[in-house]
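This report concerns only the one structure given below.
The values are calculated or read from the model by the stated rules, or taken from the named source; none is laboratory data. Bear in mind the structure is a predicted one, so any value in this text is a computation, not a measurement. Quick reminder, even Gly has a Cβ in these numbers, built from the backbone with ideal geometry, and neighbours come from all protein chains shown. The area values use the complete protein model at the heavy-atom level, side chains included, leaving out ligands, DNA and RNA. Shrake-Rupley method; radii C 1.70, N 1.55, O 1.52, S 1.80 Å.
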Amino acid sequence: MFGAGYVGLVTGAALADLGHEVVIRDVLPERIERLRAGDVPIYEPGLDEVLERNKERLRFTLDVNEAVDGAEFLYVAVGTPQTHSGDADLTAVWAVVDELPEGASGRPIVVMKSTVPVGTGERVRERLDARGLTAVGYVSNPEFLAEGSALADFMSPDRVVVGAFEPEDGDRVVELHRGIDTEIVRTDVASAELVKLAANAFLSTRISFINEIANVCELVGADVVDVARGVGLDHRLGPHFLRAGLGFGGSCFPKDVTALKQLAGNSGYPFLLLQAVWEVNELQKRRVIGKLQKHLGTLRGTTVALLGLAFKPNTDDMREAPSRVIAYRLLAEGAEVRAWDPVAHPDDLHGVELCETVLDAVQNADAAVIVTDWPELRSLASSEVRQAMARPVIVDGRNLLDPEAAHAAGFVYEGVGRPRHASPAEPGFLREHDAELRH
Ligand SMILES: NC(=O)c1ccc[n+]([C@@H]2O[C@H](COP(=O)([O-])OP(=O)(O)OC[C@H]3O[C@@H](n4cnc5c(N)ncnc54)[C@H](O)[C@@H]3O)[C@@H](O)[C@H]2O)c1
């Protein structure tokens with residue numbers, strides 16, 4: 001297994017749990033040392049237990065030869081971030097392919113777990129052949145796990161997609177999944193590659209779609225939570241990914257939407273729908289600023305608490321997290337920004353004060369913004385928090401709280417796409433509290 005990140009560690013641990021011998025190789029010495037010492041370098045629920053339970057079948061190494069020696073499958077689970085042009089950066093993939101030693105016995109199969117542009121399999125095949133590694137097979141086996149539920153997603157997936165040049169190579173990868181009860185989609189390499197990009201682009205489209213519906217709700221007086229429920233109960237549509245909020249982030253959706261948009265553009269097709277999906281997502285994060293201004297007026301000199309930093313709950317992943325954009329927009333508006341997250345403690349949010357507890361973050365704050373729907377925040381609308389805040393304004397970016405309960409507890413509440421539940425902008429109301437609460 002090349003790559004000891006989210007996908008590599010989870011896949012490696014899960015394959016070991018299925019009874020296979022797994023060697024996980026990474027290039028980061030610190031990461032490998034921690035894993036050898038029994039310490040898990042990422043936050044993923046349950047991963048520590050599965051690694052511990054299978055420690056007899058798992059090894060960690062920096063040495064490529066140790067990883068490849070006797071291996072029947074060579075999994076590639078390295079990062080494929082976005083370049084400035086929007087294309088996927090395949091540097092780490094090529095590094096793995098180029099360092100595969102020659103003269104392996106049998107027919108090891110390169111299994112591509114990393115998300116790569118369509119055509120990558122063909123290029124890897126050519127590169128292997130050019131090095132004389134014609135006896136090394138290649139299979140595209142994209143990964144659909146979601147951080148936070150990654151192990152369960154791997155063990156009970158909706159499907160396993162296997163795209164192979166040689167059917168026998170595909171058969172062997174399918175066989176490796178024995179013990180997992182699911183649909184297997186057998187196809188060619190290019191189609192397997194596109195399944196992954198299309199799936200993430202479609203999920204992102206649903207999120208941007210419901211966010212636009214939420215924005216319309218705010219203008220016409222409808223409640224997006226009820227609208228989404230009514231829409232999602234249609235069996236042709238289904239309920240998933242119809243939660244309005246602050247937009248998508250994370251290591252996958254933004255880069256995969258961009259990669260597919262770029263791939264289509266490179267091939268001469270402007271993917272207009274995905275351009276809109278992207279724009280809507282960028283605007284959605286920034287709408288928080290307008291909501292705060294509606295209640296606070298200018299943000300210069302105010303203190304705003306950002307509650308939740310990770311791009312979604314149950315992960316410490318800060319890649320492309322909406323909290324980053326919101327924090328820097330607030331700083332640009334002249335606000336002081338405090339932040340709390342139970343697991344994400346980034347050291348690169350310059351100018352943002354990280355707090356240990358929610359109460360520390362909201363102390364004397366003029367507003368609190370729920371950025372990530374951590375379960376801990378369900379009880380935010382408490383009298384303790386109300387007392388701590390200078391002005392009791394909550395912008396609920398994830399529609400996590402019960403608006404009526406928040407009002408009843410004395411908060412000015414503003415969700416996403418819920419105008420009936422938004423407190424009217426009543427300067428008088430806030431001035432009253434100003435007098436009472438500001439010293
Ligand atoms: N994170 C997710 O939820 C998720 C889900 C599905 C698919 N994917 C895709 O899987 C791939 C990996 O994603 P991730 O989130 O696990 O990335 P990650 O950044 O968490 O981990 C990648 C790891 O690969 C290591 N690496 C780099 N070069 C290497 C080399 N030559 N040999 C061995 N290791 C090397 C890095 O040091 C790092 O530890 C990406 O293409 C991503 O798009 C991710």
Original post:
Can you name every residue in segment 19-45 that is more than 11 Å from the ligand (Cβ to nearest atom) and either acidic (Asp, Glu) or touching a His at 6+ places or on another chain (Cβ under 8 Å) (or both)?
Top reply: Glu21, Glu33, Asp39
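For segment 1-110, please list each of the helices (runs of 4 or more DSSP H) lying entirely inside it that holds at least 2 residues being at pLDDT below 95 and more than 30 Å from Glu126 (Cα to Cα).
Those helices (runs of 4 or more DSSP H) do not exist here; none qualify.
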Subject >> Cross-chain or 6+ apart pairs with Cβ under 7 Å, segment 1-17 first and of a type in the set (D, E, K, R), then more than 6 Å from the ligand (Cβ to nearest atom) and not in a helix (DSSP H, G or I) >> reply: Asp17/Asn54
**OP:** State the number of residues belonging to segment 320-339 that are touching a helix residue (DSSP H, G or I) at 6+ places or on another chain (Cβ under 8 Å) and open to solvent by 20 Å² or more (accessible area, probe 1.4 Å).
**Re:** 5
Subject >> Flag for Thr83 being closer than 29 Å to Ala130 by Cα and without any contact (Cβ under 8 Å) to a residue 12 or more places away in the chain >> reply: yes
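Keeping to segment 120-147, report how many residues are over 22 Å from Val160 (Cβ atoms) and assigned to a loop (DSSP other than H, G, I, E, B). Full working, then the answer.
Of the residues in segment 120-147, the ones over 22 Å from Val160 (Cβ atoms) are 123, 126-135.
Still in the running and assigned to a loop (DSSP other than H, G, I, E, B): 131-135.
Adding up the residues that qualify gives 5.
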Original post:
Any residue at all in segment 299-310 that is modelled with pLDDT of 95 or more and within 27 Å of Pro117 (Cα to Cα)?
Top reply: yes
